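**Q** Okay, handing you the structure first.
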Amino acid sequence: QSEVRELITAYGELGEEGLWANLEKFLKKVIPVAEECGVRMAIHPDDPPYPIFGIPRIITSEENLDRFLSLYDSPANSLCLCTGSLGCAASNDVVKMVRKYSAMDRIAFMHIRNIKIMEDGSFEERAHLSSCGSLDVAEIVKALVDTGFDGYVRPDHGRNIWGEDAKPGYGLYDRALGGVYLCGLFEAVEKNK
């Protein structure tokens with residue numbers, strides 16, 4: 001436990017600007033190689049998108065996603081846009097962010113899940129349906145279709161339901177239901193376009 005505390009302390013002392021400096025140094029080394037190899041790197045947002053245990057977070061908001069993408073402006077430096085991670089902060093307009101970064105062709109991978117933001121600011125993971133949480137999953141899919149997104153999408157996370165004994169947050173049945181729901185949304189939006 002003392003090693004973990006020391007690591008958390010060191011991470012906290014590095015601060016946000018230290019994290020940005022390290023990330024920029026990393027990108028300047030990695031992205032040119034990714035470009036040469038035809039690979040798109042995709043950063044996942046901090047989950048949750050705010051500091052926890054005194055540890056700073058930087059991939060948290062539209063402003064910070066813009067800053068991240070400008071550190072090395074290349075299609076090889078992209079986003080894994082996770083609606084659940086970014087959606088945990090009520091200040092994030094997830095539909096707007098999806099539309100913006102998809103139109104820029106800077107989303108390499110979509111993680112789509114729904115969360116419910118509680119009155120005290122905490123959140124719960126919920127079923128994927130828009131009606132089950134705080135995110136409008138149908139509008140997220142519409143934003144992707146409207147902007148011509150052709151990258152990878154997966155239903156992210158899943159509750160343990162129907163007596164399933166699975167790793168918490170990765171219930172197979174709930175993720176399967178989420179996948180079917182997303183396929184239905186994509187088909188409906190594409191046919192109505």
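**Q** Can you count the Lys pairs in the chain with C-alpha separation below 21 Å, eight or more apart or on different chains?
**A** Eligible lysine pairs with Cα atoms under 21 Å apart amount to 9.
**Q** If you restrict to DSSP beta bridges whose two residues both lie in the stretch 105-184, what percentage is antiparallel, to the nearest 5?
**A** Looking only at bridges with both residues in the stretch 105-184, the antiparallel portion is about 45 percent.
**Q** If the viscosity is 0.890 mPa s and the temperature 25 °C, what translational diffusion coefficient in µm²/s does Stokes-Einstein give for the stretch 73-166 when Rh comes from Kirkwood over Cα pairs?
**A** Here the translational diffusion coefficient equals 177 µm²/s.
**Q** Write down the percent of antiparallel bridges among all DSSP beta bridges whose residues are both part of the chain, to the nearest 5.
**A** 30 percent
**Q** So, one more: Going by amide H atoms built from the backbone, whose H comes under 5 Å of the H on ILE115, apart from near neighbours?
**A** Here ARG126, SER134, LEU135 satisfy the definition.
**Q** Under the rule a/c < 1.5 gives rounded, and otherwise a/b versus b/c splits prolate from oblate, where does the chain land using the Cα gyration tensor?
**A** Cα axes put the chain in the oblate bin.
**Q** What value in Å³ per residue do you get for the convex hull of the alpha-carbon atoms in the stretch 130-186?
**A** Taking only Cα atoms, the stretch 130-186 has a hull volume of 83 Å³ per residue.
**Q** Rank-order 100-109, 81-90 by packing density, defined as the average count of other C-beta atoms within 10 Å over each peptide's residues, highest first.
**A** Ranked from most to least packed, the peptides come out as 81-90, 100-109.
**Q** Whenever you get a sec, compute what percent of the accessible area on the stretch 9-110 sits on carbon and sulfur atoms (1.4 Å probe). All intermediate terms of the calculation are to be shown ahead of the outcome.
**A** Numbers: 2780 of 4880 Å².
The computed percentage sits at 57.
**Q** Would you mind getting the accessible area per residue of the stretch 60-125, heavy atoms of the protein chains only, 1.4 Å probe, in Å²?
**A** 39 Å²
**Q** Describe numerically, in nm with one decimal, the distance between label points set 7 Å from Cα along Cα→Cβ at ARG154 and at LYS96.
**A** 3.0 nm
**Q** Report, to one decimal in Å, the Kirkwood hydrodynamic radius for the stretch 40-110 based on all distinct Cα pairs. Intermediate values should be presented prior to the final figure.
**A** On the way: mean 1/r = 0.0827 Å⁻¹.
It works out to 12.1 Å.
**Q** Starting from the Cα of ILE52, move 7 Å in the Cα-to-Cβ direction to define the label point; list residues of the stretch 71-111 whose amide nitrogen is under 16 Å from there.
**A** Residues passing the 16 Å test: 82-90.
**Q** A further question follows. Pull out the extension gain between GLU13 and LYS29, defined as 0.36 nm times the separation in residues minus the alpha carbon to alpha carbon distance; nm, one decimal.
**A** On the way: separation 16, 0.36 × 16 = 5.76 nm, distance 2.42 nm.
The GLU13-LYS29 span can extend by a further 3.3 nm.
**Q** Still on this structure, please answer the following. For ALA42, list long-range residues whose amide hydrogen, built 1.01 Å from N in the peptide plane, is under 5 Å from its own amide hydrogen.
**A** SER78
**Q** While we're on this one: Considering only DSSP beta bridges whose two residues both sit in the stretch 1-112, what percent are antiparallel, to the nearest 5?
**A** Looking only at bridges with both residues in the stretch 1-112, the antiparallel portion is about 10 percent.
The values are calculated or read from the model by the stated rules, or taken from the named source; none is laboratory data. Predicted, not measured: the structure shown is a model, and the values here were computed from it. Glycine also receives a Cβ, built like all others from the backbone with ideal geometry; neighbour counts cover every protein chain displayed. Surface accessibility is based on the protein's heavy atoms, side chains included, excluding ligands, DNA and RNA. Shrake-Rupley method; radii C 1.70, N 1.55, O 1.52, S 1.80 Å.
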